[in-house]
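K.L.:
Sharing a structure, written as structure tokens. Questions coming.
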Amino acid sequence: MLERTRELGLKCKEALRLDGLRRRATPVAFAILLTGVIVSVAGGLWWRSSVQGEHRRAFERTASDVTTTLGAMLRRDADFVTTLRAIMSMQPQMSASRFDRWFTELNGHQRQVGGLGTSIVARVPAGELSSFLARRDADPAFRALIGGRPERVRPGAAPACLLAAGVSEAGGLGPAVAHTLQGDWCEPSSPIGISQAVAMRAQAETGEMLVLPVTAQGIETMFFQSAFYRSDAPLGSAAQRRRALGGWISSSFDVPAVVRAAMNRHRGLSLALYHANPGEPVALIDRVGVVTRTDAPHYRASFQIGGPWGLVVAQSATAGGLSPELQGLLVALVGIAVSGLLFALVLVLARSREQALGMVQAKTGELRHQALHDALTGLPNRLLALDRAGQMLARAARAQRPMAALYVDLDGFKHVNDTFGHAAGDELLRAVAARLKTILRDGDTAARLGGDEFVVLLEPGDLDAGPELVAERLLELLRRPYEVRHAHGRRLSLTASIGIALALDGTADELLHAADLALYRAKTGGRDQSVVFRSEMETASRDRLTLEMDLADALEGERQLFLEYQPIVDLHSERIVGVEALIRWWHPTRGVLSPCEFIPLAEETGQIVAIGRWALREATRQAAQWAREGHELGVAVNVSARQLDADELLGDVRRALGESGLRPGALTLEITETALMRDARAAVQRLRSLKRLGVRIAIDDFGTGYSSLAYLRQFPADSLKIDRSFVAGVASSRDSAALIETLVQLGSSLGIKTLAEGIEDTAQLRALQRAGCDLGQGFLFSRPVGAETVTGLLREGHGRQVADEAGSDAALALSSH
């Protein structure tokens, strides 16, 4: 009886304890609810502010992109007019047919965005008017331009400004336009002179490019107009410019077309474009879109192209998706909902331990699944793939049957993301994952490793030819077009590359590493294929790493790098006037390595900066030694794109000159045209800083690109190195000879010397001498040789006979740059 009473007492006590727990849990639950509501409201406000800030930053990025693109288009069009101005200064009597060919050779139609046409207006003295009109009106290109209807022009006492040549995007001028443009542009009473005379007179006096907005026949156009002068005349004053005036170049553009091209797919923007000619107020050039929101963010930018330009970009419409206010409200509501759930959960926990434990276990399982699976595709992630690969390797070792890993990478996936956006890319990845699942057997695994990389793990079995067949089937499956909703209704097609690795033992990391090496070989071998891992792939990877470490040792330890020098010859006297320093590597085990075997690796790893610094010091030291021996010899050193980008370059050049004592004017820095055009504006500033030290600048491989011709006036260059591909055909190709002659004339008119690379025979030498080229280098004179050989040649005083007199076996055996 006593025991039963004690038992009842214990039960009552337990019941009271549980009841007390429930009563204490209720205020805790309400406290959680209240705290959650406060935090949720604060979180909603913070979220709204964060989204508003992100929208603002996104707008600024978009506006900056539009501004940069529009500025580049306008600068390219202005540079094209500047290029034509340089050509007309050299050839002021150019006929309409010749101009038509020049325009085609310069790719004028593809070069101009929104181009409507380009006109050349010649200033013709009264005494030359008759002969000018006879030549011009008989030219087939001119007659085609004006529709075969030359207008009569009455001679006067003053020079006339007449249309001499031109190109129309429409194929020819309409009758009314042709009649107007054939008038005297300098006569205020003529139809064309009414709008042009003042502008032309101002331009002839200032020499500046003018930008003229004109609305004609319902089309908003913009003219880039620039005067050209006789190349041999002084242009220091307005009077001198008026006397030397040869005419005008006028190129017109469809302003809305240019602006639309700059804005591209950026919607919901308003853009206003302003410009001010020298001495004139700012004028509105064009406006696209209308700002409908008073609180719309604005972005302002300015740049200089023939005078100051200004842009104002505004957001004219609200971006798609939920507004920041609605997002903040949703965050707050979600937080409040979660707080309510926590409130209910605390009450449930107070009433049912088992129910709470079940909820915790369910949530734990969900979190575990999320930790081991890719959120986008639902496939196992890298962590789970490595775990399953380890289990398969263990089974493969027991059964003595290999397992296989297929490392899959999509070809061209980045292009899909860049073109159609990340939503299309995500949809495409989900479609690829679904196709991967269709080829799996029981026990196989398909996983996403990250980005557009997947792996397929095949269970141990009879795999004599299995992995290759699976890979081929997978390649064929992935080639089939994809229906992607976010790709604007287009069917997308892409290929894949697959690396295959088989293993009986080892670790999962080693297996995936081997498959990755095979994938790299498939990528570099042309893509859309599968490659099976072989041991030599690992060897090649180690060799590349070894070469990288050996190159670091060559810089820091025993000196293995050395310079050879190829003479530079004055083509008029055929005497040595300088050398180009060329780097070589004496590898301890592989012998002498040419630059093509290690310079690309040095560029990729960044070691090229230290190598370039060493080459500067060594070349200036040797040149200073020659100077002390009485040989005033210039030395040229190559500067890589990575060096040009580095802030240390200016200090490296200054220290090399100071330590060697070399006269700054004896050092030439050679920079390739490609390196300069990567960021032309930054390159101009860096070159000007170098020029202030007194060194000389040479543009290497000149002529292989187009843009540098327009930027040539901005680059403080002393010489142009004409690429060897043009020199090779100078004696046999009229086109190559004409191009080199033009480049030489252009350099001469700008006060820039020209140097031809790769001269290999006498015929090339004579052709270059006839063209007026200043300097040259090549095997005809000498291969790259050591400093001692150059010293001997300098003492002999020979130029053209360099190669003959250097005829030692060592000189002839050295490889060229």
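The values are calculated or read from the model by the stated rules, or taken from the named source; none is laboratory data. Note that the coordinates shown come from a computational prediction; the quantities given were computed from them, not determined experimentally. Cβ: placed from backbone, ideal geometry, glycine included. Neighbour counts: every protein chain shown. Calculation scope for accessible area: heavy atoms of the full protein, side chains included, ligands and nucleic acids excluded. Shrake-Rupley method; radii C 1.70, N 1.55, O 1.52, S 1.80 Å.
K.L.:
Assigned to a helix (DSSP H, G or I), more than 14 Å from LEU571 (Cβ to Cβ), touching a helix residue (DSSP H, G or I) at 6+ places or on another chain (Cβ under 8 Å) and open to solvent by 60 Å² or more (accessible area, probe 1.4 Å) - does that describe any residue in the stretch 720-739? Spell out the reasoning first.
P.N.:
Of all residues in the stretch 720-739, those assigned to a helix (DSSP H, G or I) come to 724-727, 734-739.
Narrowing further to those that are more than 14 Å from LEU571 (Cβ to Cβ): 724-726, 734-739.
Now drop any that are not touching a helix residue (DSSP H, G or I) at 6+ places or on another chain (Cβ under 8 Å), which leaves 726, 736-737, 739.
Those left that are additionally open to solvent by 60 Å² or more (accessible area, probe 1.4 Å): 739.
Within the stretch 720-739, one or more residues are assigned to a helix (DSSP H, G or I), more than 14 Å from LEU571 (Cβ to Cβ), touching a helix residue (DSSP H, G or I) at 6+ places or on another chain (Cβ under 8 Å) and open to solvent by 60 Å² or more (accessible area, probe 1.4 Å).
K.L.:
Suppose we keep only residues that are in a strand (DSSP E or B) and of a type in the set (Asp, Glu) within the stretch 566-590. Which one would you say is farthest from ALA636 (Cα to Cα)? Step through it out loud before you land on a result.
P.N.:
Here is the first cut: in the stretch 566-590, the residues in a strand (DSSP E or B) are 566-570, 575-587.
Okay, now just the ones that are also of a type in the set (Asp, Glu), so 570, 580.
Details: ASP570: 15, GLU580: 5 Å.
Among them, the one singled out is ASP570.
K.L.:
What is the residue count in the stretch 174-189 for residues that are in a loop (DSSP other than H, G, I, E, B) and open to solvent by 40 Å² or more (accessible area, probe 1.4 Å)?
P.N.:
Our first condition is that a residue be in a loop (DSSP other than H, G, I, E, B); within the stretch 174-189, this holds for 174, 182-189.
So of that shortlist, the ones also open to solvent by 40 Å² or more (accessible area, probe 1.4 Å) come out as 186-189.
Number of matching residues: 4.
K.L.:
Can you tell which of MET73, MET94 is of a type in the set (A, V, I, L, M), open to solvent by less than 30 Å² (accessible area, probe 1.4 Å) and assigned to a loop (DSSP other than H, G, I, E, B)? First the steps, then the outcome.
P.N.:
Details: MET73 fails: assigned to a loop (DSSP other than H, G, I, E, B).
Answer to the check: MET94.
K.L.:
Answer yes or no as to whether ARG613 is open to solvent by 40 Å² or more (accessible area, probe 1.4 Å), over 30 Å from LEU517 (Cα atoms) and modelled with pLDDT of 95 or more. Give the derivation first.
P.N.:
Values: open to solvent by 40 Å² or more (accessible area, probe 1.4 Å): yes; over 30 Å from LEU517 (Cα atoms): yes; modelled with pLDDT of 95 or more: no.
Judged against the criteria, ARG613 is not a match.
K.L.:
When the residues of the stretch 468-525 are narrowed to those that are small (Gly, Ala, Ser) and open to solvent by 40 Å² or more (accessible area, probe 1.4 Å), which ends up farthest from ALA399 (Cα to Cα)?
P.N.:
First pass over the stretch 468-525, keeping only residues small (Gly, Ala, Ser): 471, 487, 489, 493, 496-497, 499, 501, 503, 506, 508, 514-515, 518, 522, 525.
So of that shortlist, the ones also open to solvent by 40 Å² or more (accessible area, probe 1.4 Å) come out as 489, 493, 506, 525.
Details: GLY489: 50, SER493: 40, GLY506: 15, GLY525: 35 Å.
The extreme case among them is GLY489.
K.L.:
A further question on this structure: In the set LEU271, LEU284, which member is within 19 Å of VAL211 (Cα to Cα), within 27 Å of the chain's Cα centre (by Cα) and either open to solvent by less than 70 Å² (accessible area, probe 1.4 Å) or among the aliphatic types (A, V, I, L, M) (or both)? Can you show your working first?
P.N.:
Values: LEU284 fails: within 27 Å of the chain's Cα centre (by Cα).
Every option except LEU271 fails the conditions.
K.L.:
How do the pairs read when you match residues in the stretch 110-126 that are among the small types (Gly, Ala, Ser) and assigned to a loop (DSSP other than H, G, I, E, B) with residues anywhere that are open to solvent by 10 Å² or more (accessible area, probe 1.4 Å) and modelled with pLDDT of 75 or more, using Cβ under 8 Å and keeping only pairs 6 or more apart or on different chains?
P.N.:
Final answer for the pair search is GLY114/ASP254; GLY114/PRO256; GLY114/ALA257; GLY114/ALA261.
K.L.:
If a residue has to be touching a helix residue (DSSP H, G or I) at 6+ places or on another chain (Cβ under 7 Å) and either within 27 Å of GLN391 (Cα to Cα) or in a helix (DSSP H, G or I) (or both) to count, how many in the stretch 513-530 make the cut?
P.N.:
Number satisfying all stated conditions: 4.
Rundown of residues vs (1) crowded, with 19+ Cβ neighbours inside 10 Å; (2) modelled with pLDDT under 80; (3) under 41 Å from the mean Cα position of the chain (by Cα); (4) farther than 30 Å from ARG75 by Cβ, yes/no style:
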position: SER316; (1), (2), (3), (4): no, yes, yes, no
position: LEU322; (1), (2), (3), (4): no, yes, yes, yes
position: GLY328; (1), (2), (3), (4): yes, yes, yes, yes
position: VAL338; (1), (2), (3), (4): no, no, no, yes
position: LEU345; (1), (2), (3), (4): no, yes, no, yes
position: VAL348; (1), (2), (3), (4): no, yes, no, yes
position: ARG351; (1), (2), (3), (4): no, yes, no, yes
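K.L.:
Which pairs do you get when a residue that is among the small types (Gly, Ala, Ser), found in the stretch 273-290, comes within reach of a residue that is open to solvent by 40 Å² or more (accessible area, probe 1.4 Å) and part of a strand (DSSP E or B), reach meaning Cβ atoms under 6 angstrom, with the pair 6+ apart or on two chains?
P.N.:
Sorted first by the residue in the stretch 273-290, then by its partner, the pairs are ALA276/PRO308.
K.L.:
Would you call LEU2 out of contact with any Leu (no Cβ under 6 Å at 6 or more places or on another chain), over 30 Å from ALA262 (Cβ atoms), open to solvent by 50 Å² or more (accessible area, probe 1.4 Å) and modelled with pLDDT under 80? Walk me through how you get there before you give the answer.
P.N.:
On the way: out of contact with any Leu (no Cβ under 6 Å at 6 or more places or on another chain): yes; over 30 Å from ALA262 (Cβ atoms): yes; open to solvent by 50 Å² or more (accessible area, probe 1.4 Å): yes; modelled with pLDDT under 80: yes.
When the stated conditions are applied, LEU2 passes them.
K.L.:
Has the stretch 775-787 got any residue that is at pLDDT 95 or above, open to solvent by 10 Å² or more (accessible area, probe 1.4 Å) and under 18 Å from ILE699 (Cα atoms)?
P.N.:
Looking through the stretch 775-787, at least one residue is at pLDDT 95 or above, open to solvent by 10 Å² or more (accessible area, probe 1.4 Å) and under 18 Å from ILE699 (Cα atoms).
Here is a yes/no grid of residues against (1) among the small types (Gly, Ala, Ser); (2) farther than 24 Å from ASP528 by Cβ; (3) not in a helix (DSSP H, G or I):
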site	(1), (2), (3)
LEU383	no, yes, no
ASP387	no, yes, no
GLY390	yes, yes, no
LEU393	no, yes, no
LEU410	no, no, yes
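K.L.:
From GLY43, GLY53, GLY36, which residue is among the small types (Gly, Ala, Ser), surrounded by 13 or more Cβ atoms within 10 Å (Cβ to Cβ), under 45 Å from the mean Cα position of the chain (by Cα) and on the phi < 0 side of the Ramachandran plot? First the steps, then the outcome.
P.N.:
On the way: GLY53 fails: surrounded by 13 or more Cβ atoms within 10 Å (Cβ to Cβ); GLY36 fails: under 45 Å from the mean Cα position of the chain (by Cα).
Residue meeting the stated conditions: GLY43.
K.L.:
Given the conditions (1) assigned to a strand (DSSP E or B); (2) open to solvent by 10 Å² or more (accessible area, probe 1.4 Å); (3) closer than 30 Å to VAL167 by Cβ; (4) among the small types (Gly, Ala, Ser), and given that ALA257 satisfies all but one, which numbered condition is not satisfied?
P.N.:
ALA257 satisfies every listed condition except (1).
K.L.:
Take the conditions over 25 Å from GLU603 (Cβ atoms) and among the polar types (S, T, N, Q) and apply them to GLN625. Does it pass? Break it down stepwise before answering.
P.N.:
Values: over 25 Å from GLU603 (Cβ atoms): yes; among the polar types (S, T, N, Q): yes.
Against the criterion (over 25 Å from GLU603 (Cβ atoms) and among the polar types (S, T, N, Q)), GLN625 qualifies.
K.L.:
Taking the options THR507, THR524, THR546, name whichever one is modelled with pLDDT under 90, over 27 Å from the mean Cα position of the chain (by Cα) and either over 24 Å from GLU788 (Cβ atoms) or of a type outside the set (Lys, Arg) (or both).
P.N.:
THR546
K.L.:
I'd like the full set of residues that are modelled with pLDDT under 85 and open to solvent by less than 20 Å² (accessible area, probe 1.4 Å), limited to the stretch 433-465.
P.N.:
Those that are modelled with pLDDT under 85 and open to solvent by less than 20 Å² (accessible area, probe 1.4 Å): GLY461, LEU463.
K.L.:
So which residues in the stretch 668-677 are modelled with pLDDT under 95 and open to solvent by 20 Å² or more (accessible area, probe 1.4 Å)?
P.N.:
Listed by number, the residues that qualify are THR672, THR674, MET677.
K.L.:
Also: Among (1) among the hydrophobic types (A, V, I, L, M, F, W, C); (2) open to solvent by 30 Å² or more (accessible area, probe 1.4 Å); (3) over 25 Å from ARG559 (Cα atoms), which single condition is PHE702 missing?
P.N.:
Only one criterion is unmet by PHE702, namely (2).
K.L.:
Can you give me the number of residues within the stretch 565-607 that are open to solvent by 20 Å² or more (accessible area, probe 1.4 Å), in contact with a helix residue (DSSP H, G or I) (Cβ under 9 Å, 6 or more places away or on another chain), among the charged types (D, E, K, R) and closer than 24 Å to ILE697 by Cα?
P.N.:
Of the residues in the stretch 565-607, 2 are open to solvent by 20 Å² or more (accessible area, probe 1.4 Å), in contact with a helix residue (DSSP H, G or I) (Cβ under 9 Å, 6 or more places away or on another chain), among the charged types (D, E, K, R) and closer than 24 Å to ILE697 by Cα.
K.L.:
Among GLY658, GLY630, GLY665, GLY634, which is touching a Lys or Arg at 6+ places or on another chain (Cβ under 8 Å), open to solvent by 20 Å² or more (accessible area, probe 1.4 Å) and either under 17 Å from LEU563 (Cβ atoms) or free of Cβ contacts under 8 Å to residues at least 12 places away in the same chain (or both)? Walk me through how you get there before you give the answer.
P.N.:
Working: GLY658 fails: touching a Lys or Arg at 6+ places or on another chain (Cβ under 8 Å); GLY630 fails: touching a Lys or Arg at 6+ places or on another chain (Cβ under 8 Å); GLY665 fails: either under 17 Å from LEU563 (Cβ atoms) or free of Cβ contacts under 8 Å to residues at least 12 places away in the same chain (or both).
Result: GLY634 is the single residue among GLY658, GLY630, GLY665, GLY634 that is touching a Lys or Arg at 6+ places or on another chain (Cβ under 8 Å), open to solvent by 20 Å² or more (accessible area, probe 1.4 Å) and either under 17 Å from LEU563 (Cβ atoms) or free of Cβ contacts under 8 Å to residues at least 12 places away in the same chain (or both).
K.L.:
Separate question: Mind listing just one residue for me: the one in the stretch 395-408 that is assigned to a helix (DSSP H, G or I) and surrounded by 12 or more Cβ atoms within 10 Å (Cβ to Cβ) and, of those, modelled with the lowest pLDDT? First the steps, then the outcome.
P.N.:
Our first condition is that a residue be assigned to a helix (DSSP H, G or I); within the stretch 395-408, this holds for 395-399.
Then drop every residue that is not surrounded by 12 or more Cβ atoms within 10 Å (Cβ to Cβ), which leaves 395-397, 399.
Numbers: ARG395: 92, ALA396: 90, ALA397: 90, ALA399: 87.
Of everything passing the filter in the stretch 395-408, ALA399 is modelled with the lowest pLDDT.
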